[in-house]
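Everything on this sheet refers to the single structure shown next.
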(Lines give C-alpha, C1' and ligand atoms only; values in the text may rest on other atoms or scores of the structure.)
Protein backbone atom coordinates (compact mmCIF):
# COMPACT_ATOMS: atom_id res chain seq x y z
CA UNK A 1 0.00 0.00 0.00
CA UNK A 2 2.76 2.45 0.92
CA UNK A 3 4.49 1.86 -2.40
CA UNK A 4 1.25 2.68 -4.23
CA UNK A 5 0.80 5.88 -2.25
CA UNK A 6 4.35 6.94 -3.07
CA UNK A 7 3.68 6.17 -6.72
CA UNK A 8 0.64 8.46 -6.66
CA UNK A 9 2.63 11.25 -5.00
CA UNK A 10 5.40 10.89 -7.56
CA UNK A 11 2.82 11.04 -10.32
CA UNK A 12 1.53 14.48 -9.25
CA UNK A 13 4.85 15.99 -8.18
CA UNK A 14 5.39 17.83 -11.44
CA UNK A 15 1.81 18.68 -12.41
CA UNK A 16 -1.84 17.89 -11.74
CA UNK A 17 -3.26 14.72 -13.25
CA UNK A 18 -6.63 13.11 -13.93
CA UNK A 19 -7.36 9.63 -12.61
CA UNK A 20 -6.46 8.08 -15.94
CA UNK A 21 -3.23 10.10 -16.11
CA UNK A 22 -2.42 9.08 -12.53
CA UNK A 23 -2.83 5.45 -13.58
CA UNK A 24 -0.57 5.93 -16.59
CA UNK A 25 2.17 7.70 -14.61
CA UNK A 26 2.04 5.34 -11.62
CA UNK A 27 1.50 2.06 -13.42
CA UNK A 28 -1.62 1.34 -11.36
CA UNK A 29 -5.05 0.49 -12.72
CA UNK A 30 -7.42 3.43 -13.16
CA UNK A 31 -9.77 2.14 -10.45
CA UNK A 32 -6.93 1.66 -7.96
CA UNK A 33 -5.36 5.04 -8.72
CA UNK A 34 -8.71 6.79 -8.40
CA UNK A 35 -9.62 5.06 -5.13
CA UNK A 36 -6.25 5.83 -3.55
CA UNK A 37 -6.30 9.42 -4.77
CA UNK A 38 -9.73 10.05 -3.25
CA UNK A 39 -8.53 8.65 0.09
CA UNK A 40 -5.44 10.84 -0.07
CA UNK A 41 -7.62 13.90 -0.66
CA UNK A 42 -9.43 13.19 2.62
CA UNK A 43 -6.14 13.29 4.52
CA UNK A 44 -4.72 16.34 2.78
CA UNK A 45 -2.03 14.57 0.75
CA UNK A 46 -3.83 15.50 -2.49
CA UNK A 47 -6.39 18.10 -3.47
CA UNK A 48 -8.86 18.34 -6.36
CA UNK A 49 -8.70 21.15 -8.87
CA UNK A 50 -11.84 22.80 -10.23
CA UNK A 51 -11.53 20.52 -13.25
CA UNK A 52 -11.38 17.41 -11.07
CA UNK A 53 -7.67 16.67 -11.48
CA UNK A 54 -5.48 15.72 -8.55
CA UNK A 55 -2.45 17.64 -7.27
CA UNK A 56 -0.36 17.84 -4.11
CA UNK A 57 -2.42 18.80 -1.06
CA UNK A 58 -1.98 21.14 1.87
CA UNK A 59 0.26 18.80 3.86
CA UNK A 60 3.00 19.52 1.33
CA UNK A 61 2.64 23.28 1.53
CA UNK A 62 2.49 23.41 5.32
CA UNK A 63 6.02 24.78 5.67
CA UNK A 64 5.23 27.48 3.14
CA UNK A 65 1.94 28.19 4.91
CA UNK A 66 3.56 28.56 8.31
CA UNK A 67 6.38 30.67 6.87
CA UNK A 68 3.83 32.99 5.28
CA UNK A 69 1.63 33.08 8.38
CA UNK A 70 4.13 33.73 11.18
CA UNK A 71 5.05 37.36 10.39
CA UNK A 72 1.42 38.17 9.62
CA UNK A 73 0.20 36.68 12.90
CA UNK A 74 2.94 38.53 14.76
CA UNK A 75 1.81 41.77 13.17
CA UNK A 76 -1.81 41.01 14.03
CA UNK A 77 -0.87 40.32 17.64
CA UNK A 78 1.13 43.54 17.87
CA UNK A 79 -1.68 45.59 16.31
CA UNK A 80 -4.44 44.19 18.53
CA UNK A 81 -2.60 43.12 21.67
CA UNK A 82 -4.37 39.75 21.52
CA UNK A 83 -3.36 36.15 20.76
CA UNK A 84 -3.29 35.33 17.05
CA UNK A 85 -3.49 31.70 15.89
CA UNK A 86 -3.46 29.62 12.72
CA UNK A 87 -5.79 26.58 12.69
CA UNK A 88 -5.92 23.60 10.32
CA UNK A 89 -8.51 20.86 9.97
CA UNK A 90 -7.52 17.26 10.72
CA UNK A 91 -10.46 14.91 10.32
CA UNK A 92 -13.10 15.79 12.91
CA UNK A 93 -10.71 18.05 14.81
CA UNK A 94 -8.82 21.26 14.31
CA UNK A 95 -5.18 21.65 15.23
CA UNK A 96 -3.33 24.81 16.26
CA UNK A 97 -0.46 25.12 13.78
CA UNK A 98 0.85 28.47 15.04
CA UNK A 99 0.14 30.70 18.02
CA UNK A 100 1.58 34.16 18.68
CA UNK A 101 0.50 34.86 22.22
CA UNK A 102 -0.67 38.15 23.66
CA UNK A 103 1.94 39.86 25.83
CA UNK A 104 -0.68 40.93 28.33
CA UNK A 105 -0.99 39.14 31.68
CA UNK A 106 -4.60 38.14 31.03
CA UNK A 107 -4.68 36.37 27.70
CA UNK A 108 -6.33 33.58 25.76
CA UNK A 109 -3.85 30.98 24.62
CA UNK A 110 -3.46 27.38 23.52
CA UNK A 111 -0.20 25.59 22.75
CA UNK A 112 0.87 24.74 19.22
CA UNK A 113 -0.39 21.24 18.47
CA UNK A 114 -3.54 21.63 20.60
CA UNK A 115 -6.52 19.79 19.14
CA UNK A 116 -10.18 20.78 19.50
CA UNK A 117 -13.26 18.99 18.27
CA UNK A 118 -15.17 20.51 15.37
CA UNK A 119 -17.24 22.61 15.02
CA UNK A 120 -16.74 24.42 18.35
CA UNK A 121 -15.47 28.00 18.18
CA UNK A 122 -15.25 30.50 15.37
CA UNK A 123 -12.45 28.65 13.57
CA UNK A 124 -14.16 25.33 14.19
CA UNK A 125 -17.33 26.48 12.50
CA UNK A 126 -15.41 27.71 9.47
CA UNK A 127 -13.22 24.63 9.11
CA UNK A 128 -16.27 22.38 9.48
CA UNK A 129 -18.09 24.55 6.92
CA UNK A 130 -21.11 24.91 9.16
CA UNK A 131 -23.97 26.67 7.31
CA UNK A 132 -24.41 29.33 10.00
CA UNK A 133 -20.67 30.07 9.99
CA UNK A 134 -20.58 30.34 6.19
CA UNK A 135 -23.61 32.63 6.25
CA UNK A 136 -21.92 34.87 8.83
CA UNK A 137 -18.74 34.87 6.75
CA UNK A 138 -20.69 35.89 3.66
CA UNK A 139 -22.46 38.63 5.59
CA UNK A 140 -19.63 40.02 7.71
CA UNK A 141 -16.36 38.76 6.23
CA UNK A 142 -15.52 36.98 9.49
CA UNK A 143 -17.03 34.58 12.05
CA UNK A 144 -17.11 35.25 15.77
CA UNK A 145 -17.71 33.22 18.91
CA UNK A 146 -18.62 34.76 22.26
CA UNK A 147 -18.13 32.53 25.32
CA UNK A 148 -19.47 29.52 23.41
CA UNK A 149 -16.48 27.23 23.91
CA UNK A 150 -14.87 28.79 26.98
CA UNK A 151 -16.63 31.14 29.44
CA UNK A 152 -15.04 34.58 29.49
CA UNK A 153 -13.34 34.19 26.13
CA UNK A 154 -14.30 35.19 22.63
CA UNK A 155 -12.76 34.87 19.19
CA UNK A 156 -13.07 36.01 15.62
CA UNK A 157 -11.79 34.01 12.65
CA UNK A 158 -11.39 34.39 8.90
CA UNK A 159 -10.45 31.85 6.22
CA UNK A 160 -7.06 31.51 4.59
CA UNK A 161 -7.73 30.72 0.95
CA UNK A 162 -5.18 29.23 -1.46
CA UNK A 163 -6.01 28.40 -5.07
CA UNK A 164 -9.68 28.80 -4.19
CA UNK A 165 -9.63 26.36 -1.26
CA UNK A 166 -10.12 27.07 2.44
CA UNK A 167 -6.92 25.58 3.87
CA UNK A 168 -6.69 27.23 7.30
CA UNK A 169 -8.14 29.94 9.50
CA UNK A 170 -6.68 32.92 11.29
CA UNK A 171 -8.17 33.28 14.75
CA UNK A 172 -7.84 36.13 17.24
CA UNK A 173 -8.63 34.91 20.76
CA UNK A 174 -9.72 37.62 23.20
CA UNK A 175 -10.69 37.82 26.90
CA UNK A 176 -14.17 39.32 26.90
CA UNK A 177 -13.15 41.84 29.56
CA UNK A 178 -11.24 43.69 26.81
CA UNK A 179 -13.98 43.52 24.19
CA UNK A 180 -15.83 46.76 23.59
CA UNK A 181 -18.61 45.71 21.19
CA UNK A 182 -17.91 42.12 20.10
CA UNK A 183 -14.81 40.22 18.93
CA UNK A 184 -15.93 40.55 15.32
CA UNK A 185 -16.92 44.19 15.49
CA UNK A 186 -13.72 45.11 17.33
CA UNK A 187 -11.20 43.05 15.36
CA UNK A 188 -12.91 41.32 12.41
CA UNK A 189 -11.52 43.61 9.74
CA UNK A 190 -7.94 43.13 10.94
CA UNK A 191 -8.34 39.35 11.13
CA UNK A 192 -9.83 39.18 7.66
CA UNK A 193 -7.00 41.31 6.24
CA UNK A 194 -4.42 39.07 7.93
CA UNK A 195 -6.00 35.91 6.50
CA UNK A 196 -6.11 37.43 3.01
CA UNK A 197 -2.47 38.48 3.28
CA UNK A 198 -1.38 34.96 4.24
CA UNK A 199 -3.28 33.50 1.30
CA UNK A 200 -1.65 35.93 -1.12
CA UNK A 201 1.82 35.24 0.28
CA UNK A 202 1.23 31.48 0.08
CA UNK A 203 0.04 31.68 -3.54
CA UNK A 204 3.10 33.77 -4.39
CA UNK A 205 5.54 31.41 -2.68
CA UNK A 206 4.12 28.27 -4.27
CA UNK A 207 4.26 29.86 -7.73
CA UNK A 208 7.93 30.84 -7.45
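The values are calculated or read from the model by the stated rules, or taken from the named source; none is laboratory data. This one's a predicted model, so the numbers in the text were calculated from it and none came from an experiment. Glycine also receives a Cβ, built like all others from the backbone with ideal geometry; neighbour counts cover every protein chain displayed.
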Show me the strands (runs of 3 or more DSSP E) found entirely inside the stretch 134-208 where at least 1 residues are in contact (Cβ under 8 Å) with a residue 60 or more places away in the chain and closer than 23 Å to residue 70 by Cα. 153-162, 165-175
Would you say residue 163 is closer than 17 Å to residue 87 by Cα, assigned by TED's automatic domain parsing to the domain that holds residue 191, over 12 Å from the mean Cα position of the chain (by Cα) and at pLDDT below 95? no
Mind checking whether some residue in the stretch 31-42 is in the same structural domain as residue 133 (by TED's automatic domain parsing) and outside any strand (DSSP E or B)? no
Among the numbered conditions (1) within 15 Å of the chain's Cα centre (by Cα); (2) in a loop (DSSP other than H, G, I, E, B), tell me where residue 123 comes up short. (2)
Residue set 74, 83; condition surrounded by fewer than 19 Cβ atoms within 10 Å (Cβ to Cβ), at pLDDT 95 or above and in the same structural domain as residue 203 (by TED's automatic domain parsing); output residue 74
If you go through the stretch 182-203 one residue at a time, do you hit one that is closer than 18 Å to residue 118 by Cα and surrounded by fewer than 16 Cβ atoms within 10 Å (Cβ to Cβ)? no
Regarding residue 134, is this residue at pLDDT below 95 and either over 19 Å from residue 188 (Cα atoms) or surrounded by fewer than 19 Cβ atoms within 10 Å (Cβ to Cβ) (or both)? no
